[in-house]
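We did not get these values from a lab; they are worked out from the coordinates using the rules stated. Note that the structure is predicted; figures quoted are calculated from it, not measured. Neighbour counts are summed over all protein chains in view; Cβ atoms, including those assigned to glycine, are modelled from backbone coordinates with ideal geometry.
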């Protein structure tokens, strides 16, 4: 008798009715059960097609590719930024692909510490929702570490003590951050509230609009790290009136390892001088005048530091072709169904006496695209799963992150993962592994 409240036959029936099931054939998967798209999405024929096109343009046209390629490389970052804009609820010109996520955090946090928090009036008060004057940044203790590295570095560069100026909201349970605790951390000293859209361990999804309203209500700006949600969750940064955001494109956007990142800057801040200016962010009209005085582009493009890296940007074009065809609304709907099924099956295991627990909020509006499956021996269980061909990852201290990405994962796949979770423990397979070191 099965311990699961969902049967394999029921899962297979859902696959048969799934309008997105055909997209799986367009991906090359390293395993039939690739459940790590929240860390690195697999290659698709669409991403490979646009990468190959740029390589051929490089071969055939050389330097003339900057102006004569199918999509001229000269304004490629802005072109892809405008294509991404609808997925984050932004207007044309408010999004650009640029740099890496960490570099974007450095330049945007630095920009707003300089031009908003430290120098009130740098932005037209009629355009800005706040008159920020604080020099404290509020973040949280469950953030991905690179966010804190960058913020602390920006404080040090300004002669400010990071221990005094970076204020962390604590978690009550080690999994989630509650909005009332964020609110309690806000006061007149705060210039920027910088939060993730999704916590990288637990998968908790935050309410961007509510956090933006909270920040603005305390005279602070609202910025977001959306690395674990863009491409999986529908965002409306513009509608929420958020001030800025950053994200990567190698997770749910499936643009490849180390692919170029993206950023959003609300139009009201266009024209500010970035904290890390570079020649590719100079206004396009005078860029090749090669003046020694920097003139920022009047768009999010100003926050580009260096020349667009075409070979790490090109796969994103094909990935967006695929996502345009699939529709992010359908992707999100299926994602919620898949993660809900996975959470239910893990809870079935818990009720049957297995030491698995779900560390992700159960409510759909508070859940991103992956499920945090907790186990006291999560490290070794994750290794045993990979040995079985179930590609997951481990995050200390006790989380197995499992991501049923809707474009290439089906309902029966999720059922199979639950069976593997049970079998690993039943057979004691995890006990044969040592604790891992490095990336997992």
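Quick look at the values:
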{"item": "C-alpha center-to-center spacing [segment 199-275, segment 1-41] in angstrom", "result": "29"}
{"item": "Cα Rg over Rh - segment 71-324, Kirkwood", "result": "0.95"}
{"item": "Where only C-alpha atoms are counted, convex hull volume of segment 368-440 per residue in Å³", "result": "91"}
{"item": "Ranked list, fewest to most other Cβ atoms within 10 Å of each Cβ, for 334, 284", "result": "284, 334"}
{"item": "Cα-based shape type of segment 159-218, given that a ≥ b ≥ c are square roots of the gyration tensor eigenvalues and the cut on a/c is 1.5", "result": "oblate"}
{"item": "Segment 71-324: relative contact order as a whole-number percent, Cα under 8 Å and 6+ apart", "result": "24"}
{"item": "Mean ellipticity per residue at 222 nm, deg cm²/dmol - from DSSP H runs of n ≥ 4 across the chain, formula -39500 (n - 2.57)", "result": "-11000 deg cm²/dmol"}
{"item": "Cα-based radius of gyration of segment 261-413 once divided by 2.2 N^0.38 Å, which approximates compact folds", "result": "1.49"}
{"item": "For 5, 100, order by how many other beta-carbon atoms lie within 10 Å, fewest first", "result": "5, 100"}
{"item": "Exposure proxy order (Cβ contacts within 10 Å, fewest to most) of 3, 402", "result": "3, 402"}
{"item": "DSSP bridge pairs, segment 71-324: antiparallel proportion in percent, nearest 5", "result": "35"}
{"item": "Quarter of Cα convex hull surface for segment 154-259, i.e. mean projection, nm²", "result": "7.7"}
{"item": "Max mean-square fluctuation residue, GNM over the chain, Cα-Cα springs under 10 Å, options 27, 237, 224", "result": "27"}
{"item": "Mean projected area (nm²) of the alpha-carbon convex hull when the chain is viewed from all directions", "result": "21.8"}
{"item": "Average Cα contact separation per residue, the chain, under 8 Å, 6 or more apart, as relative contact order %", "result": "22"}
{"item": "Share, in percent, of DSSP beta bridges within the chain that are antiparallel, nearest 5", "result": "50"}
{"item": "Relative contact order (%) - segment 300-411, alpha-carbon pairs under 8 angstrom, separation at least six", "result": "23"}
